[in-house]
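Structure, as structure tokens:
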Amino acid sequence: MATDTLSTVFSALADPTRRSILEQLTHGPLAMGEIAKKFSISGPAITKHLKVLERAGLIRADKQAQLRPRTLDATRLKEAQEYIESYRKFWDESFDRLDQFLIELQAQEKKNNP
């Protein structure tokens with residue numbers, strides 16, 4: 001995944017309103033009006049949030065007559081999760097090394113203080 005794409009995805013996810021919109025879309029496609037009902041912000045503000053999510057590739061607008069229901073596209077979320085996963089492995093390995101160090105330290109103390 002290109003760094004530019006990753007930056008765009010994380011930037012889109014940085015806003016709580018956009019994360020809430022994504023959460024709504026996990027239950028299925030929704031028209032802009034259905035999404036907007038859940039928020040106390042203006043329609044144009046919702047439209048801006050939807051455009052940011054679309055540019056990041058996190059949602060897509062399907063064309064159905066006059067409606068343009070938005071659908072979650074989890075591909076980019078999976079790519080971001082894979083990026084984060086590499087750091088989870090780093091921390092897991094670091095904690096494993098710390099655990100091993102503490103076990104050795106306790107064994108050393110028991111040996112020195114019977």
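The values are calculated or read from the model by the stated rules, or taken from the named source; none is laboratory data. All values derive from a computational prediction rather than experimental measurement. Cβ sites come from the backbone with ideal geometry, for glycine too, and all protein chains shown count toward neighbours. Heavy atoms of the whole protein, side chains included, go into the accessibility calculation; ligands, DNA and RNA do not. Shrake-Rupley method; radii C 1.70, N 1.55, O 1.52, S 1.80 Å.
Worth a mention:
- Degrees, to the nearest 10: 16-25 long Cα axis against longest axis of the chain: 70 degrees
- Within the accessible area of the chain, the carbon and sulfur atoms contribute 54%, probe 1.4 Å, all protein chains present.
- Furthest towards positive pole of dipole, F10, L58, G33, structure part region 1-68, Cβ charges: G33
- Environment charge of D4, counting only residues whose C-beta is closer than 13 Å and scoring Lys/Arg +1, Asp/Glu -1: +1
- Among residues other than D73 with Cβ under 14 Å from its Cβ, the summed charge is +3 (Lys and Arg +1, Asp and Glu -1).
- Region 13-69 shape via C-alpha gyration tensor axes, a/c threshold 1.5: rounded
- Nearest-ten-degree value, helix 43-55 long axis tilted from longest Cα axis of the chain: 60 degrees
- Helix 3-13 vs. the chain, principal-axis angle (Cα, 0 to 90°, nearest 10): 80 degrees
- Where Cα atoms sit under 19 Å apart: lysine pairs in region 28-114 separated by 8 or more or lying on different chains: 7
- Averaged over its residues, the chain has an accessible area of 72 Å² per residue, based on protein heavy atoms and a 1.4 Å probe.
- Averaging the sequence gap over all C-alpha pairs within less than 8 Å and six or more residues apart, then dividing by the number of residues, gives the chain a relative contact order of 25 percent.
- On the principal axes of its alpha-carbon atoms, the chain has extents of 80, 31, 21 Å, going from largest to smallest.
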